[in-house]
Every structure is written in C-alpha cells, then in structure tokens.
Amino acid sequence: MVALIALLVVLLFLTADYILQRRRVARTEEAEAEVSSVVDVRSQLALSSPRAPDGVFFSPGHTWAYLLPSGNVRLGLTDFARSVMGSVDEVEPRTRSVEIARGEPLLRMRRGKHTATFHAPIDGTIERVNLGFLGLDAARPNEPYTSSWIFEMRPRNTSDIPRTMFLGDAARSWLKQEVERLRVFLATTIPEDRLIGATMQDGGPPNWDAVDSFSEADWQRFQDRFFGRMQATTASADRS
C-alpha cells in the first residue's frame, strides 16, 4: 500500500510538471507568434503594393474609412500608423455617442514619451468603439484589413469622402510615397550613428523604432507632416 501511494504521488508530480511545461511552451509560442505578427505588418510597407484594399478610403492623416451597407462608416489606422506606433503604452479614444467634426482629435496613442493624435476624417456621431483592437500592440496584423476598425460612426455626409481621401491605386501609390517620405525624414532628423539596424540606404524598410530617438520638437514635426494632414488633394500636391 505504501508503495502504491508513493507511486501515485510520483505520478501526480510528473503530471503537474508536464502541465506546467506545456503552459510554458504555449506562452513561448504565443510570444513568438506575436513578434512575427509585428514584423509582418511592418514588412508589408516595404512591398511594391502596400495593403490598400479596393473599397477602403485612406485619409492623409493615416486613418481609413470603410462604408457599411447600413450607411455607417468604420474607421481605423493605416499599417503605416500602426507600424510607427508599434507597442503603445496608452490609448485614449473618443467615446460612444460623441458628435465629432472632421479634423477634430479622434484618438490619442502614447508610445514612450511621444503621443500621436489621429483626427476624424469625416463628420459624424460615434456609435461603437472596438475596444478589443485598442490593445497595447497596435502593430499586430488583422485580416481582412477592415477587421482592424476602431470606431463605427454614423456619418453626417459621405459626399466629401471621395474628394478628401485616397482610394484604390491612388491609395497604394500614396502609401508607398509615405514610406519614402519617412526614410527621408529619418535620414535628415537622426544622426547616422544612431540609426542602428536601419536599412533605408539600400532600399529596405525603415527602422520603425528610430522614432524613439526623436526629440519633442522632432516628434511634433513628424506628427504635423504625417498625421496632421486632412486633404488628399493637398497631400498629393505637397510632399514635403
């Protein structure tokens, strides 16, 4: 009997150890998958055709809009914006039932010492907020693209969307130009010896984490040039 009890105790310890080991493996695999996801989104922007699905409108301020059959509009952030922000420390979205005008702050996200403000691309009333997407990792990919929506709004008027936003081939061309603009901005803002790991010079993707080296003045210039634009026609004419 004593031997049987001892055997049962050993089996219990082995079972518990096995369960703990499996949990550790699962956590490790999950963490590795999350890292791969971040790299996947960021590498998308180095491709010849950045993600810009037909039917999705893109604002020069790096939000996108998708019209639903109900007449509502879902809004989210471009891959570019999510790649720049990476793993964020804090998010501050506008809340439900709030009426908002085009150009007003819609969402604030803080990464380290820098806070980015994204502006509403349309006039309307916020009806839903996708809190599940507003996690700490803004750079994770979402398929299909429109599943990464953050706000659903009842628009006041959708007639301005085609005039103020990019669509289709124009959106893809604009996104490629935004990556080029980022390369130039980084190269002229951060000393070369601080661009560790950057592959900009050989045409590779930018060092997204280089934004952490920005001074407050540099970050404000970046915010104004990349996230502060609201007019597609203006953005097409002015690429500075």
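Ranked by the mean number of other Cβ atoms within 10 Å of their residues, highest first, the peptides 104-110, 91-97 fall in the order 104-110, 91-97. For the peptides 75-83, 157-165, the ranking by mean Cβ contacts within 10 Å, running from highest to lowest, is 75-83, 157-165. Stretched out straight at 0.36 nm per residue, the stretch from Thr95 to Glu127 would grow longer than its current Cα-Cα span by 10.7 nm.
No lab work stands behind these numbers, since they all come straight from the coordinates. Please read all numbers here as calculations on a predicted model, not as lab measurements. Don't worry about glycine lacking a Cβ; one is built from the backbone with ideal geometry, like all the others, and counts go over all protein chains shown.
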